[in-house]
Each structure stands twice: as C-alpha cells, then as structure tokens.
1. Tell me, which residue of the range 282-301 that is open to solvent by 80 Å² or more (accessible area, probe 1.4 Å) and acidic (Asp, Glu) is farthest from ligand 1 (Cβ to nearest atom)?
2. The conditions are (1) more than 19 Å from residue 275 (Cβ to Cβ); (2) open to solvent by 50 Å² or more (accessible area, probe 1.4 Å); (3) part of a loop (DSSP other than H, G, I, E, B); (4) in contact with a strand residue (DSSP E or B) (Cβ under 6 Å, 6 or more places away or on another chain), and residue 154 fails exactly one of them. Which is it?
3. Of everything in the range 233-261, what is buried (at least 17 other Cβ atoms within 10 Å of the Cβ) and of a type in the set (A, V, I, L, M)? Give them in sequence order.
4. I'd like the residue in the range 134-150 that is open to solvent by 40 Å² or more (accessible area, probe 1.4 Å) and within 12 Å of ligand 1 (Cβ to nearest atom) and, out of all such residues, is nearest to residue 192 (Cα to Cα).
5. Looking at the range 202-221, is at least one residue away from ligand 1 (no atom under 16 Å from the Cβ) and among the acidic types (Asp, Glu)?
6. So in the range 114-133, with the set limited to residues that are free of Cβ contacts under 8 Å to residues at least 40 places away in the same chain and surrounded by fewer than 16 Cβ atoms within 10 Å (Cβ to Cβ), which one is nearest to ligand 2 (Cβ to nearest atom)?
7. Taking residue 100 as the residue in question, decide whether it is under 27 Å from residue 280 (Cα atoms), charged (D, E, K, R) and away from ligand 2 (no atom under 16 Å from the Cβ).
8. Can you name every residue in the range 30-69 that is open to solvent by less than 10 Å² (accessible area, probe 1.4 Å) and either within 16 Å of ligand 2 (Cβ to nearest atom) or at positive phi (or both)?
Amino acid sequence: MDDCLCGQKAAVFLYYSRKPLCEEHFIRMFDRRVRKTIRERRMLKKGDRIAIGLSGGKDSCVLLHSLAQLKEDIPIELVAVTINEGIDGYREKTLKTAHRECEKLGIEHVVFSFKEGAGKTMDEIASEKERIPCSYCGVLRRYLLNKGAREVGANKLAVGHNLDDVAQTVLMNIMRKEPSRLARFSEGMEGSARFVQRIRPLMRTPEKEVAIYAMLKGIELDNMDCPYAPFAFRGHVRKMLNETEEKYSGTKFKIVNSFFEMEDGLREMYKGKMSDCKSCGEPCSEDICMFCKLVKSFSKG
Ligand code: SF4
Ligand code: ZN
C-alpha cells in the first residue's frame, strides 16, 4: 500500500476512491463525512434531545462516540436507549459494552425489554414460533425503540445503520416488493405525532470503516453474532451485496445514492398513509400495528 498523502504510513486503503490514509487522516475523513451527512440531510438542530439506539455493537457504539463529540460543538442532549430482546448468551455481553461506553462518555443509559414490553423474550418466541426469529425481532425492536425514545423525552432517534445496512434494506424492500416500507425508511414520515424522527448519521459510511474507526478509537467490542442471525434474509442479501461490491467497486454507494434520488417521490407516493394503531395508539400504516398483531398471536400460543 502507498503512503498517505501527508507522507505517514497508510493504515487504511479506501478501495472505492483508491486513497491510502494514515490513522489521523482516516479519523478526520470519517468525522467529516458523519458531520456532512448530518448537515446535508438536516438531521440535527440546536436543542434536540436525541435518543441513541444503542445495541452495544460496533455501529451504535461508534455513533454514540460521534454524537458525544458533536455535542461539544452543538447544544444537544443525548440519552442512550437499549432494547434487551432476551437472547441468552448474546445480549448480556453487548449490554455490558453499551453500559461501559455510556459511563465513559457520561451519557444516561436506559434499557427496555421485550419481556416487559411484549410479554416474552426473543428466546421464548423463537422456541414457540416457526417463523424466522428476525421477522419478529425487527418489528418488536422498532416498536419498543420508538416508544422508548418518546418515554425518555427525545424528539429524535439516532440509529447506527451504516452504508451496508442501508444498501441491504433498500434491496430487501425491493426484493420483497415492499416499496411503502422504503418510503417509511426516510426520516420524518408525517401522519403520526407519536413517530419519533429517525436519523442515521452513519448511512454514508461503509461497515468496514466503522469497524476500523472503533478499533482506532479504542472502543472494545465483543465480536459476537446473534445466534439467530443465520436465519435472516438480511444475511443472504449481505453476502450477495459483498460479492457484487468485490467485483464492482462502489455498488453499495450507488444503491444508497439511487435511494436518495428516489426517496422524495416515494414519500410523496405514500404520504399520509401513516396513522395511529387502533389498539395501542402507536404509529402504523394499517388499522392495527404489526406489534399488536404479533403480541396477540403469542397469547394464542
Ligand atoms: Fe434480532 Fe435477528 Fe438481529 Fe438476532 S439477528 S438481534 S434475532 S434481528
Ligand atoms: Zn398497536
């Protein structure tokens, strides 16, 4: 690998722009890109109280650090929110990491659980149901995160989705023929006062770079995968996308940029399709939200 332009030994090679960067210039580039994403997509304003969805994995821990750094320049309030799904042997470890990083940065940390919010742990649901665990987990987690963010008084919810996650989500929604979900993926869907606006400051940052940044910043992580991950459709899409990226560098950026070009049209198309669930009052796109439907199905066994 060539040296960084500053003459220092390169630590990272950005394959898509063919740039070798030393540690210092990589961190600088990373921070700048996060700030630029926040600015260009108008994610933050003075006085915002932001709930950070903190799973304890690399993405959300890096996001926590990035926003804590930003707080030094912009008057915002931060509170971290973790959803404990109840996955034995996995969630306890990431919860510890989440708590430790919050303590380091002096950020309040609040934990909500599937057991309390939905009546069952993810392990209990997975042992009883034949459906793929992740399809339950995703619905319950999104619901409880939104509710939790409101309960801690936040007006925005920051999630650690990186470029890879967003590219996967775009493809998954197309492959499943769910364009309305893609419309809701955009920030600030109108129609429900209970929907906390989601922001994704890492949405232009490749996953590998988040991992390198975490390492360079000394964020210690338990590199554990959820035991249910192999069942996820997302895993299949991730593999396919990584293979394509290897052959056609820049594909992930192109997918996400294509989404940015389409999102206004999508939002317009599905405008006003969001309301409040008739059973629990939380935001949804039908009469009864998926969370209520799933919880009802649990009681039937
Ligand atoms: Fe939930 Fe699936 Fe993620 Fe595990 S892999 S935390 S079950 S969504
Ligand atoms: Zn509901």
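1. Only one residue fits best here, namely 287.
2. (2)
3. Across the range 233-261, the qualifying residues are 237, 241, 255, 256.
4. Filtering the range 134-150 for residues open to solvent by 40 Å² or more (accessible area, probe 1.4 Å) gives 134-135, 141-142, 147, 150.
From what's left, within 12 Å of ligand 1 (Cβ to nearest atom): 134-135, 141-142.
Numbers: 134: 26, 135: 23, 141: 19, 142: 15 Å.
This residue is 142.
5. If we filter the range 202-221 for residues that are away from ligand 1 (no atom under 16 Å from the Cβ), which is where we start, we get 202-206, 208-220.
Filter once more, so that each one left must be among the acidic types (Asp, Glu): 209, 220.
Taking every residue of the range 202-221 in turn, at least one turns out to be away from ligand 1 (no atom under 16 Å from the Cβ) and among the acidic types (Asp, Glu).
6. Here the answer is 116.
7. Details: under 27 Å from residue 280 (Cα atoms): no; charged (D, E, K, R): yes; away from ligand 2 (no atom under 16 Å from the Cβ): yes.
Here the answer is no, as residue 100 does not meet what is asked.
8. Once the filter is applied, which keeps residues that are open to solvent by less than 10 Å² (accessible area, probe 1.4 Å) and either within 16 Å of ligand 2 (Cβ to nearest atom) or at positive phi (or both), the range 30-69 yields only 56.
The values are calculated or read from the model by the stated rules, or taken from the named source; none is laboratory data. Because the structure is a prediction, the values reported are computed rather than measured. All Cβ positions, even for glycine, are placed from backbone atoms using ideal geometry, and neighbour counts span all protein chains on display. Side chains included, ligands, DNA and RNA excluded: accessible areas come from the protein's heavy atoms. Shrake-Rupley method; radii C 1.70, N 1.55, O 1.52, S 1.80 Å.
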